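Heads up: the structure comes next, in structure tokens.
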Amino acid sequence: MASEKFEKPTGTQDILPGAVEKWQFIEEKARDLCRRYNYREIRTPIFEQTELFERGVGETTDIVEKEMYTFKDKGDRSMTLRPEGTAGVVRAYVQNKLYGEPDVTKLFYMGPMFRYERPQAGRYRQFHQFGVEVFGTTDPAIDAEVIALGYSFYKELGLSGVKAEINSVGTPEVRAAYRSTLLAFLEPMRDNLCSDCQSRMERNPLRVLDCKKDQEKFVNAPSILDSLDEECSTHFDKVKGYLDAMGIEYEINPRLVRGLDYYTHTAFEFKAQGIGAIDTVGGGGRFNGLVDQIGGPEQPGIGFGIGLERIQLILEHQGINLTSAKPLDVYLVALGEAAEQKLTKLIYELRSHGVAADRDYLGRKMKAQMKSADRLHARYTAILGDDELERGEIALKSMETGEQRTVKLDSLVQEFVKTSH
Ligand code: HAM
């Protein structure tokens, strides 16, 4: 009886050899940028107590209401696969008392996040984010630094047309006042709005402005920027000033409201052109009340999350081919039993000295082995027959030029250590 075949869960991806090198390139770029900006890596659990996200991300957000992978563990505790990175990093910051350090805490992370969404191009149920979070300062220069870091990430990967959109969503007090002004504007058109907008009007009116369907109805909506108090305006002006000074391309979008509840002051998104409906490739902002809200001291924070699948999507659209697999330094071929013995030792030595080496394990003829070396883009093949073995030599062939020479077995490792520098 044939057994049933398994398939990956909807909205997830297998990242296969060939594609995985692109991911590694992107991840290395993120690490290198963080090194230059002096952000240090933090790794937090993939799952956390459900309540952390309810309180952190916000109970009325789409994420918490509809998208979380929540389960009971065997101790009957409600756990959730992290839908985003900020809440967990804030929890770790508080639990490990990182706020006790004398300097501003600058952290980054990379890893999978989980949201039960409707999958489509650029939208998955398991996706990956590169994120940063900074704690301990309200200086607007750090807002600009965080935006600059995200912006440089896109730039240095060679992506074009990615722009930052920025807004200020003020303090909770500012938002409460703006909420009333906005509701006064929306009320007369309530019946003409889509059902999503109508329900958002009740629960989270600022999110109404985010509706794709009803966009044109909000052209004359009041701007939150007009509701900002002096402190918020000054902060926002300074952020803009620093971005100008760095020559970062940005647009002010007073309707930018993020889908998570914790934002205060600066909110921003990175938008890409020409990749279809899902054009937000990253987003973030300040979260000055969040640390306190999840049980820590009053410490301001700011950060972003960048979707790595969406980076892949733009790369594809823009025809950018990052890297291919790293070629093999040498493919070793043994002819005969004694040579085989020797080859096992040689390949171990080569690899121990940092040389990328491989060999045949299928008992194939020499010709098939040479083809294999070709497919693996080996720079050299090294052929060891009984005659060579007796003379203590090995034949080394450059796959690029076809040139062949004989080297002493004793100096083979040296030969490669020399050429790979
Ligand atoms: P977010 O806007 O929910 O923010 O997500 C950030 C980015 O993650 C999005 O712009 C997108 O690129 C990617 N993303 C989100 N959902 C999916 C999905 N289903 N499939 C593929 N990619 C997706 C946050 O998560 C905040 N934690 C960002 C932040 C950090 N704010 C402050 N600090």
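The values are calculated or read from the model by the stated rules, or taken from the named source; none is laboratory data. Bear in mind the structure is a predicted one, so any value in this text is a computation, not a measurement. Here Cβ is always computed from backbone atoms with ideal geometry, including for glycine, and neighbour counts include all displayed protein chains. SASA here: full protein model, heavy atoms, side chains in, ligands and nucleic acids out. Shrake-Rupley method; radii C 1.70, N 1.55, O 1.52, S 1.80 Å.
Write out the trypsin sites (Lys or Arg not before Pro) in segment 35-83 meeting two conditions: DSSP loop, and at most 14 other Cβ atoms within 10 Å of their Cβ. Write down the numbers at each step before the final one.
Details: sites: ARG35, ARG36, ARG40, ARG43, ARG55, LYS66, LYS72, LYS74, ARG77; in loops: ARG43, LYS74, ARG77.
Here the sparse-neighbourhood loop sites are ARG43, LYS74, ARG77.
Nearest 5 percent is fine: what portion of the DSSP beta bridges confined to the chain is antiparallel?
80
Grab the beta carbon distance between GLU337 and GLN24, set R0 = 41 Å, and tell me the FRET efficiency rounded to 0.05. Please list the in-between numbers first.
Numbers: r = 39 Å, r/R0 = 0.94.
Computed FRET efficiency for GLU337 and GLN24 comes out at 0.60.
When the helix-only estimate is applied to the chain (DSSP H runs of n ≥ 4, each -39,500 (n - 2.57), divided by the residue count), what is the mean residue ellipticity at 222 nm, nearest 500 deg cm²/dmol?
Details: 13 runs with 148 residues, N = 421.
Taking each H run of at least 4 residues, the total per residue is -11000 deg cm²/dmol.
How much of the accessible area of segment 63-218, in percent, comes from carbon and sulfur atoms when a 1.4 Å probe is used?
About 49 percent, which is the carbon plus sulfur part of the accessible surface.
Express in whole angstrom the spacing between the alpha-carbon centres of segment 253-290 and segment 86-142.
14
Rounded to the nearest 5, what % of the DSSP beta bridges within segment 330-419 are antiparallel ones?
That works out to approximately 55 percent antiparallel.
If you project the alpha carbons of the chain onto their three principal axes, what span does each projection cover, largest first, in Å?
93, 61, 45
Just to be sure I understand: if I project the alpha-carbon convex hull of segment 62-110 onto a plane and average over all orientations, what area do I get in nm²?
4.9
Output the pairs from LYS74/LYS97; LYS367/LYS418; LYS29/LYS371; LYS66/LYS213; LYS97/LYS155 with a Cα-Cα distance over 25 Å in this structure; if there are none, say none.
Too far apart for the 25 Å limit: LYS74/LYS97; LYS367/LYS418; LYS29/LYS371; LYS97/LYS155.
Could you pull the Rg and Dmax for segment 124-278, using just the Cα atoms, both in Å?
Answer for segment 124-278, Rg first and Dmax second: 16.6, 47 Å.
Need one number: nm distance between label points at ASN96 and GLU51, each 7 Å from Cα along Cα→Cβ, rounded to one decimal.
For ASN96 paired with GLU51, the spin-label model returns 2.3 nm.
Using DSSP to call loops (not H, G, I, E or B), can you name the trypsin sites (Lys or Arg not before Pro) in segment 91-168 whose Cβ has at most 15 other Cβ atoms within 10 angstrom?
Answer in residue order: LYS97.
When a/c reaches 1.5 or more, the comparison of a/b and b/c decides; with that in mind, is segment 20-163 rounded, prolate or oblate per its Cα gyration tensor?
Values: a/c = 1.90, a/b = 1.24, b/c = 1.53.
Taking the square roots of the gyration eigenvalues as a ≥ b ≥ c, segment 20-163 is oblate.
What FRET efficiency comes out for the pair GLU65/ASP191, r = Cβ-Cβ distance, R0 = 25 Å, nearest 0.05?
0.55
Per residue and in Å³, how big is the convex hull formed by the alpha-carbon atoms of segment 260-357?
Working: hull volume 20.8 nm³, N = 98.
Dividing the Cα hull volume of segment 260-357 by its residue count gives 212 Å³.
Counting only protein heavy atoms and using a 1.4 Å probe, what share of the accessible area of segment 330-419 belongs to carbon plus sulfur, as a whole percent?
Solvent-exposed carbon and sulfur of segment 330-419 make up 49 percent of the total.
Quote the accessible area belonging to THR60 in square angstrom, nearest 10, computed with a 1.4 Å probe and with ligands, DNA and RNA left uncounted.
Approximately 50 Å² for this residue.
LYS345: which lysines have alpha carbons under 19 Å from its alpha carbon, excluding same-chain residues fewer than 8 sequence positions away?
LYS408
At 1.4 Å probe size, put VAL104, VAL146 in order of accessible surface, largest to smallest.
VAL104, VAL146
Quick one: the Cα spread of segment 330-419 along its three principal axes, in angstroms, biggest first?
Here the Cα extents, ordered largest to smallest, are 27, 27, 24 Å.
Please list the three semi-axes, largest first and in whole Å, of the ellipsoid equivalent to segment 312-381, using sqrt of 5 times the eigenvalues of its alpha carbon gyration tensor.
Over the Cα atoms of segment 312-381, the ellipsoid semi-axes are 32, 15, 8 Å.
Please compute the per residue accessible area over segment 193-254 with all protein chains in place, 1.4 Å probe, rounded to a whole number of Å². Write down the numbers at each step before the final one.
Numbers: 3400 Å² over 62 residues.
Accessible surface, normalised per residue, equals 55 Å².
Taking all pairs of different Cα atoms in segment 90-188, averaging 1/r and flipping that mean, what Kirkwood radius in angstroms comes out?
This gives a value of 17.4 Å.
Which log10 I(q)/I(0) values does segment 267-421 give at q = 0.15, 0.16, 0.21 Å⁻¹ under the Debye formula, counting every alpha carbon as one identical point scatterer?
Normalising to I(0) and taking log10 leaves -0.79, -0.85, -1.26.
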